[in-house]
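A short worksheet on the structure shown next.
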Amino acid sequence: DAIAIRARAKIFTQIAAKQAQSSPKARLEWISIACGAAVPIGDALRAIRATSPDKDIHATLTDFDREALGFAAGLLLGEGFGLTDEQFKIVESNLIKDLIFSKNLVDAYGPGRADLVDILGLIDYFDHKKAALLLKNAYKLCAGNGTMVISNILNTHPQLAMNQRAV
């Protein structure tokens, strides 16, 4: 699982950098659903800065965990990513109760707003019906040329319980 998590972050980094490079817009709108401590986001920001240094990145990071969001804010403001308070927004929300299984997700962030939407490691917590509803609603956030990146661990994977409860 540790290898899978690192590989997922590496692949996400490459996809995010490619999206930034291919977008003709000067501004990249990014929404991270269930961002946690945002470590993969930091890696992706480094790659975007290396390949598209003039891209104006605006990120919205959302999670229910206040401590993880605090870490994410400290990481993104303090690690030299070039983001300012105006370029990223931290949203503490009970995603399950308030957003992801209803149209509230789209209402909260705006349909077609995002050039990049990421949902890393969240879908494996839900059954197929709820996962499909989450993806349907999250997809509505994507702009016409936007990219949605999702990942999960198969429920047959031996370390799934550890990832759901400890990582």
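Figures for the structure shown
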{"read-out": "Pairs with Cβ under 7 Å, 6+ apart, first in region 9-20 and under 16 Å from Ser151 (Cβ atoms) and open to solvent by less than 10 Å² (accessible area, probe 1.4 Å), second acidic (Asp, Glu) and not in a helix (DSSP H, G or I)", "value": "Phe12/Asp118"}
{"read-out": "Candidates Phe81, Phe64, filtered to the one that is of a type outside the set (A, V, I, L, M) and within 21 Å of Lys10 (Cα to Cα)", "value": "Phe81"}
{"read-out": "Residue list for region 29-68, restricted to those being more than 20 Å from Ser151 (Cβ to Cβ) and either in contact (Cβ under 8 Å) with a residue 12 or more places away in the chain or surrounded by 15 or more Cβ atoms within 10 Å (Cβ to Cβ) (or both)", "value": "Glu29, Arg49, Ala50, Thr51, Ser52, Asp54, Lys55, Asp56, Ile57, His58, Arg66"}
{"read-out": "Close pairs from region 122-146: first within 15 Å of Ala108 (Cβ to Cβ) and surrounded by 15 or more Cβ atoms within 10 Å (Cβ to Cβ), partner modelled with pLDDT of 90 or more and of a type in the set (Lys, Arg), Cβ under 8 Å, at least 6 apart", "value": "Leu141/Arg113"}
{"read-out": "Filter pass, Arg66 being under 19 Å from Tyr139 (Cα atoms), among the basic types (Lys, Arg) and at pLDDT 85 or above", "value": "no"}
{"read-out": "Criterion violated by Ile5 - all others in (1) at pLDDT below 90; (2) closer than 18 Å to Leu116 by Cα; (3) of a type in the set (A, V, I, L, M) satisfied", "value": "(2)"}
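The values are calculated or read from the model by the stated rules, or taken from the named source; none is laboratory data. Worth saying up front: this structure is predicted, and the values here are computed from it rather than measured. Note that each Cβ is placed from the backbone with ideal geometry, even for glycine, and that neighbours are counted across all protein chains shown. All accessible areas refer to the heavy atoms of the entire protein, side chains included, with ligands and DNA or RNA removed. Shrake-Rupley method; radii C 1.70, N 1.55, O 1.52, S 1.80 Å.
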